[in-house]
1. Within segment A:57-78, track down each residue that is within 8 Å of chain B (Cβ to nearest Cβ) and open to solvent by 10 Å² or more (accessible area, probe 1.4 Å).
2. Residues being of a type outside the set (Gly, Ala, Ser), under 16 Å from A:Ala55 (Cβ atoms) and open to solvent by less than 80 Å² (accessible area, probe 1.4 Å): count how many of those fall in segment A:79-90.
3. Do we have any residue at all in segment B:346-357 that's touching a Phe, Trp or Tyr at 6+ places or on another chain (Cβ under 6 Å) and either free of Cβ contacts under 8 Å to residues at least 60 places away in the same chain or over 30 Å from B:Thr97 (Cα atoms) (or both)?
4. For segment A:92-119: of the residues being over 13 Å from A:Ala65 (Cα atoms) and more than 12 Å from chain B (Cβ to nearest Cβ), which is surrounded by the fewest Cβ atoms within 10 Å (Cβ to Cβ)?
5. Among the residues that make up segment A:3-15, is at least one of them open to solvent by 10 Å² or more (accessible area, probe 1.4 Å), within 12 Å of chain B (Cβ to nearest Cβ) and among the aromatic types (Phe, Trp, Tyr)?
6. Is it the case that some residue within segment A:76-92 is within 21 Å of B:Glu388 (Cβ to Cβ), of a type outside the set (Lys, Arg) and out of contact with any strand residue (DSSP E or B) (no Cβ under 8 Å at 6 or more places or on another chain)?
7. Residue check: is B:Phe355 more than 29 Å from A:Glu5 (Cα to Cα) and either away from every other protein chain (no Cβ under 11 Å) or among the small types (Gly, Ala, Ser) (or both)?
8. If a residue has to be part of a helix (DSSP H, G or I) and open to solvent by 10 Å² or more (accessible area, probe 1.4 Å) to count, how many in segment B:79-103 make the cut?
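The values are calculated or read from the model by the stated rules, or taken from the named source; none is laboratory data. On a predicted model such as this, the values are computed, not experimentally measured, just so you know. Reconstructed Cβ throughout: ideal geometry from the backbone, glycine too, with neighbour counts over all protein chains shown. Ligands, DNA and RNA are excluded from the accessible area calculation, which covers all protein heavy atoms including side chains. Shrake-Rupley method; radii C 1.70, N 1.55, O 1.52, S 1.80 Å.
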Amino acid sequence: MAYSEKVIDHYNNPRNMGSFQKDEDGVGTGVVGAPECGDVMKLQIKVEDDKIVDAKFKTFGCGSAIASSSLATEWLKGKTVEEAGQIKNTEIVQELNLPPVKIHCSVLAEDAIKAALNDYAKKEEVKSSASS
Amino acid sequence: MKLPIYMDNHSTTPCDPRVVEAMLPFFTDKFGNSASRNHSFGWEAEEAVDQARKQIAKLIHADSKEIIFTSGATESDNLAIKGVVEMYREKGDHIITSSTEHRAVLDATKSLEKKGVQVTYLPVDKAGMINPDDFRNAITDKTILISIMLASNEIGTIHPIQEIGKIAKEKGILFHCDGTQGVGKIPVDVQELGVDLMSFSAHKIYGPKGIGALYVRRKAPRVRIVPMIDGGGHERGMRSGTLPVPLVVGFGKACELCEEEMPVESIRIAAMRDRLHEGIINALDEVYLNGHITQRLPGNLNLSFAYVEGEALLMGVKEIALSSGSACTSATLEPSYVLRALGVGSDLAHSSIRFGLGRFTTNEEVDYTVDRMIKAVNHLREMSPLYEMAKEGIDLKSVQWAAH
């Protein structure tokens, strides 16, 4: 299968690859997928004042999965939590020119974003209930 | 050294220049139909076909009359299995094969199952080998055929063909062997192995694409099959159609070269294969060999690189032609059924790469491949959340994954 230039670029030069400490304040972590299915994405956001100031990913999966999560971290940075929740997998498909058999990679990236946002929201809830 | 590097010789091989040279006159000057009995053009072609048939038969220790030309091993597999079942259906309706056969065999048996034929699929052990006792236990009084491959196209494991042949003979069951990956690479003697039918193909042994053969035993027992293609009664009535004389000549030459060069070539290729394997495992941890440690084809190396996905790995070494058992590289989105049958976990099946070394592989290419694989695996492991978790001491099997 021929990959789009953008996929190849993300593969060779992954953006924001790495990890935050999960228990760090303001960090939300989403891990989706399963090794048996051939892809696992870990996506993390760091939030300050409701704004995503940094994002990181690590992905086990094909080139399209790596590119989808790498692109997602680029898009997440600078967005508010609410804006981040509106990122759609179809936008990733479009940006990376993913073929139909690779659409599930973009779905996984969207799921990873949602999982990271949920984790962040949960941590915030615990924090506010602890402080009240 | 030229790029890209071809290291996918299980898939196909380049034509040996000596094979091409032998074929060329038969496209133009010597273009006769080998079935034309009335003029010199036909005689010339017939003589060339006879010679090729001898060269091919010699490679597997058969008689040249026992070689039936087909379009390739897929056709040979279909002809053997369907042809035997149709011919001997009154004697029984049960056939035995293994779960790791090539698709050409498995799809043929599946199609027969739809027609009411009973099929037993023998399991394989961790090294991909069938146990002859399992075969013995699967036999019923209705069993007419067993079909087992000589060597696996994915993991290179060589099955205990001689033992299976002995049991088959003892029980009066016909034995078809798909020899596609083994013939020309390892010594094959159909008498010694006790094989009654054997499929193989030219393009896996540096011959042209589009031609294969089915060995059909003529004595003890005389095997009969119902043809799938009717016509002029060519190939002893088992496979009609004008013979592609240039391809036949090329096939013959390819077999002759394999026979002459095998003793030296197989050692040279196995040494390069081991050099590749050692180069990789000396630099990387958690790399697992799929297949049998000793009983395997000289040019085969199938490795799983834990925590990285096969297709992503291929992408990282795209100037090297390789193949992966990862789901992402298959049309079905399922990881390799062969690796799954060995009990390799889906995760490691997704991480598998098949290296296929051949006649034209060089040490320089091997060293380049080692270097590129190490870099690509390290690049992907650095990116892999699984590698990170494993290094933190988390047992990946204990994690509740959100499967999708």
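1. Correct list: A:Lys58 only.
2. 4
3. Yes, that holds for at least one residue.
4. A:Gln94
5. yes
6. no
7. no
8. Final tally of qualifying residues: 5.
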